[in-house]
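Asks: Pasting in a structure now, in structure tokens, and then I'll have a few things to ask.
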Amino acid sequence: MKQLTKQITIQELLDKISEKQGSVTDVKYQDITYYMQNPNKVVESKDNIPIDFLKATSEMNDLDWNYEWNYIGFVNNKKLECVQFIRQEEEKWYAEVPIRLGKGWDGYAWCGYSDIETITNMMRLFFEEVPWFGMLSWKMRRFKH
């Protein structure tokens, strides 16, 4: 009886591994680029440098909140979505989503504040290309330009 249980467990494990390997091939191409400013690193938006979720969280973690002009932003070029952040303190973040991104931008953006855990969860959804906007409580703001 014990031997049968082990065989079933091993077979279940093999099935799960096979299932996971099958899902790896389902990964879709992401056209997400980033820009940032930190004391030791500047990436311009015009450089169109691709980024994935792991690299994004690493770059965000490295942002120096003591540097007044720190920021990082991510653009999903397929969906024309953008989200950008300023690290205000170790655990406090300011987030911004420009409304109608691009040349027609008229200065409006959604703005909000949150902690790193919520921001990271929101970014995971952004990179998975599933609804992410509802993760924060936003207020609309207009910037003069």
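Asks: Does at least one position in the range 30-38 carry a residue that is in a strand (DSSP E or B), modelled with pLDDT of 70 or more, under 18 Å from TRP93 (Cβ atoms) and among the hydroxyl-bearing types (Ser, Thr, Tyr)?
Replies: yes
Asks: So, in the range 45-54, of the ones that are exposed (fewer than 14 other Cβ atoms within 10 Å of the Cβ) and part of a helix (DSSP H, G or I), which residue ends up nearest to the chain's Cα centre (by Cα)?
Replies: LEU54
Asks: So which residues in the range 39-70 are of a type in the set (Phe, Trp, Tyr) and over 22 Å from GLU128 (Cα atoms)?
Replies: TRP65, TYR67, TRP69
Asks: Still on this structure, I have one more. Which ones in the range 63-104 are polar (S, T, N, Q) and closer than 19 Å to LEU136 by Cα?
Replies: Matches in the range 63-104: ASN76, GLN84, GLN88.
Asks: A further question follows. From (1) out of contact with any Lys or Arg (no Cβ under 6 Å at 6 or more places or on another chain); (2) without any contact (Cβ under 8 Å) to a residue 40 or more places away in the chain; (3) not polar (S, T, N, Q), pick out the condition that doesn't hold for LEU63.
Replies: (1)
Asks: I would also like to ask the following. Mind checking which residues of the range 94-129 are over 19 Å from THR57 (Cβ atoms) and loosely packed, with under 13 Cβ neighbours inside 10 Å?
Replies: Answer for the range 94-129, where residues must be over 19 Å from THR57 (Cβ atoms) and loosely packed, with under 13 Cβ neighbours inside 10 Å: ARG100, GLY102, LYS103, GLY104, ASP106, GLY107.
Asks: Just to be sure I understand, how many residues within the range 130-145 are of a type in the set (Phe, Trp, Tyr) and surrounded by 15 or more Cβ atoms within 10 Å (Cβ to Cβ)?
Replies: Counting residues in the range 130-145 that are of a type in the set (Phe, Trp, Tyr) and surrounded by 15 or more Cβ atoms within 10 Å (Cβ to Cβ) gives 2.
Asks: State all residues of the range 56-85 that are within 20 Å of ILE116 (Cβ to Cβ), out of contact with any strand residue (DSSP E or B) (no Cβ under 8 Å at 6 or more places or on another chain) and not small (Gly, Ala, Ser); if no residue qualifies, say none.
Replies: Answer for the range 56-85, where residues must be within 20 Å of ILE116 (Cβ to Cβ), out of contact with any strand residue (DSSP E or B) (no Cβ under 8 Å at 6 or more places or on another chain) and not small (Gly, Ala, Ser): THR57, ASN61, ASN66, GLU68.
The values are calculated or read from the model by the stated rules, or taken from the named source; none is laboratory data. Note that the structure is predicted; figures quoted are calculated from it, not measured. Here the Cβ is made from the backbone with ideal geometry for all residues, glycine too, and neighbour counts use every protein chain on show.
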